[in-house]
């Protein structure tokens, strides 16, 4: 089984799962958090180096206020409860997104977890919170424009690596595999720049039903892919003159 160096997951379907089970939507989020913990542990065990979880998008702020408040409560509770486990399992926790939009107590928990795990060198666990890729790219363009205006660089000095180094994911390799649950087949404003050559795996499983066995199935599928990055697979392939 081939293991991706960087796995990114769009954890979709919590609300629909709850509705199917005739429970409030928030119950689906609670169940989804338990699934996330299992998947994090399994990725750490299998040797995944980077795991990025799309936990809360910039668009999610438009959800009902009560649901948003509950999601923030879950996040705060998870970080306070699991930080010591992350340290024990040598998992480094970081966040991408507009953290300044988070409630003060949640932002404090995020910062505390990042500081507490900064020396861990196993799995790099990244939560995308209040994250939107279009906003990330926009912020990067603004930052580069400011540097040009200040005379710190010229437009001719900007290339792909310059942009990459100014994104919130700077220092993290692009995802090898992006997995999305719930049957939807779109990125939903997630890692648009970074996904240029990612492989995609879509499953009809709703996130609260996603299991370690499902994860391994995705990895097996990934292992059968031929990643050419625009090149030919073999030197002896026939090419047209």
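The values are calculated or read from the model by the stated rules, or taken from the named source; none is laboratory data. A quick note: this is a predicted structure, and the numbers were derived from the prediction, not measured. Using ideal geometry, Cβ is built from the backbone for each residue, glycine included, and neighbour counts are taken over all protein chains shown.
For segment 43-57, name all the residues that are part of a helix (DSSP H, G or I) and either modelled with pLDDT under 95 or loosely packed, with under 15 Cβ neighbours inside 10 Å (or both).
Within segment 43-57, just 45 meets the criteria.
Test residue 143 against the stated conditions and say whether it is more than 23 Å from residue 13 (Cβ to Cβ) and either in a helix (DSSP H, G or I) or modelled with pLDDT under 95 (or both).
Criteria met by residue 143.
Yes or no: segment 83-96 includes at least one residue that is part of a loop (DSSP other than H, G, I, E, B), touching a residue at least 12 places away in the same chain (Cβ under 8 Å), closer than 16 Å to residue 126 by Cα and over 16 Å from the mean Cα position of the chain (by Cα).
yes
Conditions: (1) in contact with a helix residue (DSSP H, G or I) (Cβ under 8 Å, 6 or more places away or on another chain); (2) part of a helix (DSSP H, G or I); (3) under 30 Å from residue 227 (Cβ atoms). Residue 28 meets all but one. Number of the miss?
Unmet for residue 28, out of (1) in contact with a helix residue (DSSP H, G or I) (Cβ under 8 Å, 6 or more places away or on another chain); (2) part of a helix (DSSP H, G or I); (3) under 30 Å from residue 227 (Cβ atoms): (3).
Name the one entry in 163, 148, 129 that is without any contact (Cβ under 8 Å) to a residue 12 or more places away in the chain and either farther than 22 Å from residue 5 by Cα or not in a loop (DSSP other than H, G, I, E, B) (or both).
Matching residue, one of 163, 148, 129: 148.
Filter segment 171-204 down to the residues that are under 15 Å from residue 160 (Cβ atoms), surrounded by fewer than 20 Cβ atoms within 10 Å (Cβ to Cβ) and in contact with a strand residue (DSSP E or B) (Cβ under 9 Å, 6 or more places away or on another chain) and list them by number.
Matches in segment 171-204: 173, 174, 195.
Please tell me if residue 7 is buried (at least 21 other Cβ atoms within 10 Å of the Cβ), in a helix (DSSP H, G or I) and touching a helix residue (DSSP H, G or I) at 6+ places or on another chain (Cβ under 7 Å).
no
Does residue 150 count as more than 17 Å from the chain's Cα centre (by Cα), over 16 Å from residue 172 (Cα atoms) and loosely packed, with under 15 Cβ neighbours inside 10 Å?
So residue 150 fits the description; yes.
When only residues in segment 104-126 that are touching a strand residue (DSSP E or B) at 6+ places or on another chain (Cβ under 7 Å) and part of a helix (DSSP H, G or I) count, which is surrounded by the fewest Cβ atoms within 10 Å (Cβ to Cβ)?
The extreme case among them is 114.
So how many residues does segment 16-52 have that are farther than 21 Å from residue 177 by Cβ and within 19 Å of the chain's Cα centre (by Cα)?
Of the residues in segment 16-52, 5 are farther than 21 Å from residue 177 by Cβ and within 19 Å of the chain's Cα centre (by Cα).
Among the candidates 32, 28, single out the residue that is surrounded by 15 or more Cβ atoms within 10 Å (Cβ to Cβ), more than 21 Å from residue 219 (Cβ to Cβ) and either modelled with pLDDT of 95 or more or touching a strand residue (DSSP E or B) at 6+ places or on another chain (Cβ under 9 Å) (or both).
28
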